[in-house]
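Shown next, in structure tokens, is the structure this report addresses.
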């Protein structure tokens, strides 16, 4: 396996960092991945070339994947520049990368009283929804119940209950974490570009 020097150094730092975060000595990790402590030391310090057949057992021993050990650390992976998506009464900014946060999508939503609502628009999908109110008051409709959620408060609920989120009297801004099904149900109609 041939790497660029910067990627090579990053992999070495990750191996050492993960080992130290677990409180393991070189000997502990070496025993878990069936390498000698001196080989592992030379890999971490850059005195030995990293081979794929060594990285796989090291990744397993550290409880991670090969992909995680070698993934890019480019700046574009760090800074997200969300673009607003619009639909009547709703503006949405996607705040997570395509892969999402552990399979989740993080979104900021600004909902105005003009957003269409009512019993016909109550949605149902597998999973749970979670949101916190940043400003304004959210009107959470769960079946026949109406719950007002104020700034700083958090709502978490089963999405198998027919539900919708609206603005109570004036615009509301919420931060929401949605699973795959929730993202499809709440975000699929909106233009995010």
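No value in this document is a laboratory result; all are computed from the given coordinates. From a predicted model like this one, the values you see are computed outputs, not experimental measurements. Using ideal geometry, Cβ is built from the backbone for each residue, glycine included, and neighbour counts are taken over all protein chains shown.
If I model a spin label at residue 130 and residue 13 as a point 7 Å from the Cα along the Cα→Cβ vector, what separation in nanometres do I get?
Here the answer is 2.9 nm between the modelled labels.
Expected output is a single nm value to one decimal: the length gained when fully extending between residue 81 and residue 39, i.e. 0.36 nm times separation in residues minus the C-alpha distance. What is it?
10.9 nm
Would you mind listing how long segment 5-76 runs along its three principal axes, going by Cα atoms, in whole Å with the largest first?
Taking max minus min along each principal axis of the Cα atoms, segment 5-76 gives 37, 23, 20 Å.
In nm, to one decimal, how far is the modelled label at residue 51 from the one at residue 160, with both set 7 Å along Cα→Cβ?
5.2 nm
Which order, highest average first, do 129-140, 149-160 follow once you tally other Cβ atoms within 10 Å for each residue and take the mean per peptide?
Per-residue mean Cβ counts within 10 Å order the peptides as 129-140, 149-160.
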